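Undergrad: Just passing along the structure, written as structure tokens.
Coordinate-derived values only; no laboratory data. Being a predicted model, the structure only gives us computed values, none of them experimental. Using ideal geometry, Cβ is built from the backbone for each residue, glycine included, and neighbour counts are taken over all protein chains shown.
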Amino acid sequence: MPRIDALLSLSREHHTSLVVAREARRAASTGDPAALSAAVKRIESHWATLLVRHFEVEERLLETVESVLGAEVAARIRAEHEELRELGCNSCELDPRERLRRFSDLLGSHVRYEERIVFPQLQSHPGIINAGV
């Protein structure tokens, strides 16, 4: 489904995040220390350069659209954002392989949930979305 302008940049960033998640999953499956290290640096960079701002925009939008989505959906998004914050920042102390697996699995499922469930619901309320973005 084509995205309305207010959601288009978020959808594009979702695509980029899915690519990063796939790369992290591949690195975790190899177990190669060099690949693990490179993938950890990549998710930390992705976190700092894209996801921090992306989550801020989405969470600001949630404040406006929670009545449309419902409290349960908004709570899920916020909880997943918090876990991704912990996994994406450079202070995460998990084993790199486990960290990459968890990050890739959660980021992939989170993006798909927003694209398949949340954004289609929001598309039918463009006035509310425009006010929140």
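Undergrad: State whether the residues of region 20-35 include one that is assigned to a helix (DSSP H, G or I), basic (Lys, Arg) and under 24 Å from Pro126 (Cα atoms).
TA: No: region 20-35 contains no residue that is assigned to a helix (DSSP H, G or I), basic (Lys, Arg) and under 24 Å from Pro126 (Cα atoms).
Undergrad: For a quick check of your reading: which helices (runs of 4 or more DSSP H) sit entirely within region 56-133 and have at least 1 residues that are among the hydroxyl-bearing types (Ser, Thr, Tyr) and in contact (Cβ under 8 Å) with a residue 24 or more places away in the chain?
TA: Of the helices (runs of 4 or more DSSP H) lying wholly inside region 56-133, those with at least 1 residues that are among the hydroxyl-bearing types (Ser, Thr, Tyr) and in contact (Cβ under 8 Å) with a residue 24 or more places away in the chain span 96-113.
Undergrad: A further question on this structure: Say whether the condition of being of a type in the set (A, V, I, L, M, F, W, C) and within 21 Å of Arg12 (Cα to Cα) is met by at least one residue in region 79-86.
TA: Within region 79-86, one or more residues are of a type in the set (A, V, I, L, M, F, W, C) and within 21 Å of Arg12 (Cα to Cα).
Undergrad: Right, another one. Val19: within 15 Å of the chain's Cα centre (by Cα) and without any contact (Cβ under 8 Å) to a residue 12 or more places away in the chain, yes or no?
TA: Judged against the criteria, Val19 is a match.
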